[in-house]
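Take a look at the structure set out below.
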Amino acid sequence: MTARTTAEHHGHALRGHALLKLAIALQTLALFFQAATAGLLLSSSYGETLHGAGARVMYGASMLYVLAAVLAWRPGGGSPRPVLHASGFLVLASAQVVLGIAHVPSLHVPLGVLMFGLSTLALGRALTTRPPVRPGTPS
């Protein structure tokens, strides 16, 4: 690999890692919004509208997380673990949507709490780890 393609490769890995951080942050923020609007469901007429809109954003953010994880992994050829985490999260988000539509709050609410906790942990991990650098790649 030439010095130029090595630098280009490193730049792609950094952009992929930045996109991954952004996707996880968006997902975490959307989940926090869902928690806030869940309370509004109980106390206001517009809570259901906000919670429904937030559910769509949260699900879209979960799909973006999968895409960002694949893009961050692919150029560097690193561990596929973030892709597995993002895919697992999309499965949880899908279950959350189904439980919400079915009006099963006894499972929907605890799953939402779990998802927010997992997303916060993933965000913390993403913010404190550096993107993988291949041997011979300038840092």
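The values are calculated or read from the model by the stated rules, or taken from the named source; none is laboratory data. Predicted model only: the values in this text are computed from it and were never measured. With ideal geometry, Cβ positions are generated from the backbone for all residues, glycine too; neighbour counts draw on all protein chains shown. When the accessible area is computed, the model is the full protein with side chains, heavy atoms only, and any ligands, DNA or RNA have been set aside. Shrake-Rupley method; radii C 1.70, N 1.55, O 1.52, S 1.80 Å.
Of note:
- In region 26-35, residue nearest to the chain's Cα centre (by Cα) [restricted to those that are under 16 Å from VAL109 (Cα atoms) and open to solvent by 40 Å² or more (accessible area, probe 1.4 Å)]: PHE32
- Within region 43-66, the presence of at least one residue that is in a loop (DSSP other than H, G, I, E, B), open to solvent by 80 Å² or more (accessible area, probe 1.4 Å) and at pLDDT below 95 is confirmed.
- Among the residues of this structure, ALA93 counts as one that is surrounded by 12 or more Cβ atoms within 10 Å (Cβ to Cβ) and aliphatic (A, V, I, L, M).
- Set ALA23, ALA38, ALA69: member being in a helix (DSSP H, G or I), open to solvent by less than 20 Å² (accessible area, probe 1.4 Å) and modelled with pLDDT under 95: ALA69
- Yes/no for VAL113 being at pLDDT 95 or above and open to solvent by 80 Å² or more (accessible area, probe 1.4 Å): yes
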